[in-house]
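The values are calculated or read from the model by the stated rules, or taken from the named source; none is laboratory data. What you are looking at is a predicted structure, and each value in this text was computed from that prediction instead of being measured. Positions of Cβ are backbone-derived with ideal geometry, glycine not excepted, and every protein chain shown enters the neighbour counts. These accessible areas exclude ligands, DNA and RNA; they are computed on the full protein's heavy atoms, side chains included. Shrake-Rupley method; radii C 1.70, N 1.55, O 1.52, S 1.80 Å.
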Amino acid sequence: VALMLSAEFWEQGDLERTRARPPRCPAACTCTKDNALCESAALIPRSFPLDVISLSLAYNNLETLPKDMFKGLESLTKVDLRGNQFICDCKLKWLVEWMVHTNATVDQIYCKGPESHLDKKINDLVPQSFDCITTEFASYQSLKFESLSYVVFAQPFIGKCSFLEWDHVEMVFRNFDDIDSTSTVVCKPLVIDSQMFVVVAQLFGGSHIYKRDTSANKFIKIQDIDILKIRKPNDVETFRVDGESFFVMADSSKAGSTTVYKWNGNGFYSHQSLHPWYRDTDAEYVEISGKPHLILSSSSQRPVIYQWNKASKRFDRRSDIPEMEDVYAVKHFRVKTELYLCLTRFIGDSKVMQWDGALFRELQTVPSRGAMVFQPFTVASWQYAILGSDYSFTQVYRWDAKKGQFVRFQELNIQAPRAFSPVTIDNREFLLASSFKGKTQIYEHLIIDLSA
């Protein structure tokens with residue numbers, strides 16, 4: 001690197017200036033009163049005499065410059081950066097911002113990368129030309145227990161539904177209350193008329209519904225679920241149709257039947273039994289073309305789509321999702337007005353599908369050996385999907401609007417993940433991740449400025 005600098009100095013009569021410590025000569029440079037010559041410098045100097053008026057950084061094969069290297073150089077009138085190989089990424093955004101506001105003359109210089117800015121004049125770029133805001137999920141808190149579901153954590157090995165609350169002083173999640181149970185697979189809360197209920201689904205001993213008694217400050221069991229209908233629950237989905245509250249419990253046994261339950265003012269009663277004998281593993285409520293639908297996934301057939309019949313107030317079977325065998329779970333998300341599905345497959349590849357107005361068509365294939373959850377979720381303006389596998393690291397994907405699909409974004413080390421849920425509190429965003437074999441993890445969603 002060869003640099004030539006010239007400076008103007010106050011006259012000797014200026015006592016205050018002469019008493020000030022003179023600027024140090026940058027390392028690997030030779031300095032005189034008016035000039036500094038830097039040859040074969042290992043690094044670009046980060047500071048210069050404040051009275052520098054001209055800066056020969058030309059033709060040095062430079063790809064970037066240290067941030068704010070011209071800060072405080074108010075006397076600069078000319079900067080020559082020609083003939084370098086600048087990569088116009090977020091690390092160089094500061095230079096564009098400086099060029100917008102400086103009075104110094106900067107000769108025309110060009111970007112040699114990335115592809116989006118290749119051969120563009122840096123002088124013509126503006127700060128808005130750079131997309132430098134990214135995100136990250138950073139480990140925030142580890143809970144001691146294993147869990148299956150989220151927000152209200154189902155702990156299968158010790159038989160509890162655990163409720164967490166946010167401590168505004170200590171800034172951590174802590175235990176709020178527990179519901180003792182056995183072989184719990186799902187703890188699903190729902191609020192009806194300002195009252196909190198929890199559906200507790202168990203592999204053994206039947207499933208139950210609890211209600212929060214505010215006067216006693218505890219949960220009280222108010223109802224048992226018919227054990228003949230629900231023999232081996234695997235998922236619970238809550239929803240509202242025509243102003244009424246429902247939940248559907250997916251049954252994965254050979255003899256049970258996935259069943260829709262309806263709130264009647266005092267409790268929940270069996271409203272409709274959907275197809276029996278199919279070992280359903282997941283139920284998803286979604287509005288398609290403005291109409292309520294249920295999608296059931298099963299280990300024995302392709303995902304089945306049911307549509308709500310307003311006249312009979314029941315779900316009618318409409319169709320299935322073609323060429324989608326062995327789907328463990330189905331979850332939906334929306335990008336603007338478009339509807340998509342994430343289909344989890346333990347063996348083979350998981351899929352992203354898009355509704356085209358008549359049926360769901362495959363949009364993207366995601367490698368997913370050993371996956372038990374492929375879950376989309378939204379944090380602020382970002383759309384994510386997270387793929388949890390029993391055999392490898394958990395993969396976080398982020399939606400790329402230009403490509404119209406998910407791109408790999410970040411890896412998280414979570415053992416045997418089963419469910420994920422974003423939580424917003426105190427203007428902070430968290431991701432709660434349950435684990436079947438390890439500690440339940442909490443991550444914080446951070447926004448990072450790559451140009452900083």
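Given a Förster distance of 56 Å, report the FRET efficiency between N103 and K291 from their Cβ-Cβ distance, rounded to the nearest 0.05.
0.35
When only the heavy atoms of the protein chains count and the probe is 1.4 Å, how do T182, T258 rank by accessible area, highest first? Provide the component values of the computation, followed by the final result.
Details: T182 75, T258 0 Å².
The ranking, largest first, comes out as T182, T258.
Suppose accessible area is computed on protein heavy atoms with a 1.4 Å probe; arrange F315, F176 from highest to lowest. Don't skip to the end; give the middle numbers.
Values: F315 5, F176 100 Å².
Largest accessible area first, the residues go F176, F315.
As a test of reading the structure, rank S56, S162 by solvent-accessible area (1.4 Å probe, protein chains only), most first.
In descending accessible area the options line up as S56, S162.
Taking the Cα-to-Cβ direction at R82 and at A138 and moving 7 Å from each Cα, how far apart do the two end points lie in nm?
About 4.4 nm separates the two model spin labels.
Per DSSP H run of n ≥ 4, the term is -39500 (n - 2.57); total these for the chain, divide by its residue number, and report the mean residue ellipticity at 222 nm rounded to 500 deg cm²/dmol.
Per the formula, -1000 deg cm²/dmol.
State the percent of C-alpha pairs, over all pairs in the chain, separated by a distance greater than 34 angstrom.
Above the 34 Å cut-off, the chain has 50 percent of its Cα pairs.
Averaged over all directions, how much area does the convex hull of the C-alpha atoms of the range 214-324 cover when projected, in nm²?
8.1 nm²
Residue separation times 0.36 nm, minus the C-alpha to C-alpha distance between Q195 and K262: what's the value? Working shown, then result.
Values: separation 67, 0.36 × 67 = 24.12 nm, distance 1.55 nm.
Extra length available between Q195 and K262 comes to 22.6 nm.
For Y269 and S319, what is the calculated FRET efficiency with R₀ set at 45 Å and r taken between the beta-carbons, to the nearest 0.05?
With a Förster radius of 45 Å, E is 0.95.
Within the set of other residues whose C-beta is less than 15 Å from the C-beta of G83, count the net charge using Lys and Arg as +1 and Asp and Glu as -1.
Numbers: positive: R82, K112, K121; negative: E63, D80, D107, D119.
Result for the neighbourhood of G83: -1.
Label point 7 Å out from A380 along Cα-to-Cβ: which residues of the range 308-338 have amide N under 20 Å?
Flagged as within label range: 334-336.
Pairs K144/K331; K336/K403; K254/K331: which exceed 20 Å Cα-Cα?
Long pairs (Cα-Cα over 20 Å): K144/K331; K254/K331.
Could you let me know the centre-to-centre spacing of the range 139-188 and the range 79-113, using Cα atoms, in angstrom?
Here the two parts' Cα centres lie 52 Å apart.
Pairs of Cα atoms under 8 Å, at least six residues apart: use those to get the relative contact order of the range 171-272, whole percent.
For the range 171-272, the relative contact order is 17 percent.
Please work out how much length the chain gains when fully extended from E115 to S299, using 0.36 nm per residue of separation minus the C-alpha to C-alpha distance, in nm with one decimal.
Extending this stretch completely gives an extra 61.7 nm.
First select every other residue whose beta carbon is under 12 angstrom from the beta carbon of A283; then total the charges, Lys and Arg +1, Asp and Glu -1. Before the final figure, lay out the partial values.
Details: positive: K188, K331; negative: D235, E237, D251, D280, D282, E284.
Result for the local shell: -4.
Is the range 316-379 best put as rounded, prolate or oblate by its Cα gyration tensor, with a ≥ b ≥ c the root eigenvalues, rounded for a/c under 1.5, and otherwise prolate when a/b is larger than b/c, oblate when not?
oblate
Would you check the accessible area of R174, probe 1.4 Å, heavy atoms only, in square angstrom rounded to 10?
R174 has an accessible surface of roughly 110 Å² with all protein chains in place.
Hey, got a sec? Which GluC sites (Glu not before Pro) in the range 72-125 land in a DSSP loop and have at most 13 other Cβ atoms within 10 Å?
Within the range 72-125, the qualifying GluC sites (Glu not before Pro) (loop, at most 13 other Cβ atoms within 10 Å) are E74.
Not counting ligands, DNA or RNA, and with a 1.4 Å probe, what is W399's accessible surface area in Å² rounded to the nearest 10?
Its heavy atoms expose roughly 40 Å² to the probe.
For S392, what is the net charge nearby, where nearby means another residue's Cβ is under 10 Å from its Cβ and Lys, Arg count +1, Asp, Glu -1?
Every neighbour counted, the sum reads -1.
Show me the GluC sites (Glu not before Pro) within the range 132-204 that DSSP assigns to loop and that have at most 11 other Cβ atoms within 10 Å of their Cβ.
Here the GluC sites (Glu not before Pro) that fit, given the DSSP loop and packing criteria, are E170.
Looking at the calculated P(r) for the range 262-367, what percent of the C-alpha pair distances fall above 19 Å?
45 percent
What base-10 log of the normalised intensity I(q)/I(0) is obtained for the range 336-452 from the Debye formula, alpha carbons as equal point scatterers, at q = 0.12, 0.17, 0.21 Å⁻¹?
-0.45, -0.88, -1.23
Working out 0.36 nm times the residue gap between R361 and E63, then minus their Cα-Cα distance, what length gain in nm do you get to one decimal?
Difference between extended and current length: 102.9 nm.
Just read off the accessible area of M324 with the full protein assembly in place, 1.4 Å probe, to the nearest 10 Å².
10 Å²
Using a Förster radius of 30 Å, what is the FRET efficiency between L228 and S312 based on their Cβ-Cβ separation? Nearest 0.05, please.
Computed FRET efficiency for L228 and S312 comes out at 0.80.
Which residues does a label at N175 reach in the range 428-444, if reach means a backbone N under 15 Å from a point 7 Å past the Cα toward the Cβ?
440
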